[in-house]
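I have placed the structure first, in the form of structure tokens, so that the comments after it can refer back to it.
Values in this text are rule-based calculations from the coordinates and carry no lab data. Note that this is a predicted model, so its numbers are computed, not measured. Here the Cβ positions follow ideal geometry from the backbone for every residue, glycine too, while neighbour counts run over all protein chains shown.
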Amino acid sequence: MNAQNKRVLFVVVLVAFATWSVLRLARDLQQGRSEAATIWIALLVVLAIVGVTLMVVVRRAAACAANAARYRPGAVVVPGFTTAEMTDIARHQGASARGWMPMGGSPVAVVVTPTELEVWGRKDTGPRWVVQRTPGGVTSNKAVYGSREVDAVWAHDGLAAAVLVPAYRPLRATAGAVGTDVERAVAELTGAATDPRDGSHH
């Protein structure tokens, strides 16, 4: 099952559960079971909040990568979410961490150029900082994401760094379930890049 089918299945299950909950709520109200109705109302509210939050996060992740791609047409762009380490790195680099949550989970994109990896925020007009591309400079390791450690991508050159959870499948990435996406991101960040200035490959 591909990512698109999984998203469709998730939405279908969510809608089915919401429909069933509404019907159950209506029946409880008709039968005068106010306590049960209160529980179902609370459940529906929580369900709605979770659903809206997930949709917003997924759209922002895609928008962040699309924004970076507009400024670097033709370049490889790796979408992701920040980790807790990213705000500390930004501070160390003297760069902005605007819009990034301290515990991670904020949209970020890394643009691959022939010599650098550019770190972009969601509405940035330029990279917040860059990491030089060096042999062995991109690896996979654990990083802090919310209240736990998950598999993440580490890019470093000895002076600057970036740590992100890849978000090729943003719905899964919000839970830190990235699987082989880490290996894919490492490959893209270390592979041949397209020069956004002339469209050539290096």
Two-site FRET efficiency, R148 against T115, from Cβ-Cβ distance with R₀ of 30 Å, rounded to 0.05: 0.30
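Would you kindly work out the equivalent ellipsoid of region 55-190 from its C-alpha gyration tensor and give its semi-axes, the square roots of five times the eigenvalues, largest first in whole Å?
Working: eigenvalues 67, 54, 47 Å².
Equivalent ellipsoid of region 55-190: 18, 16, 15 Å, largest first.
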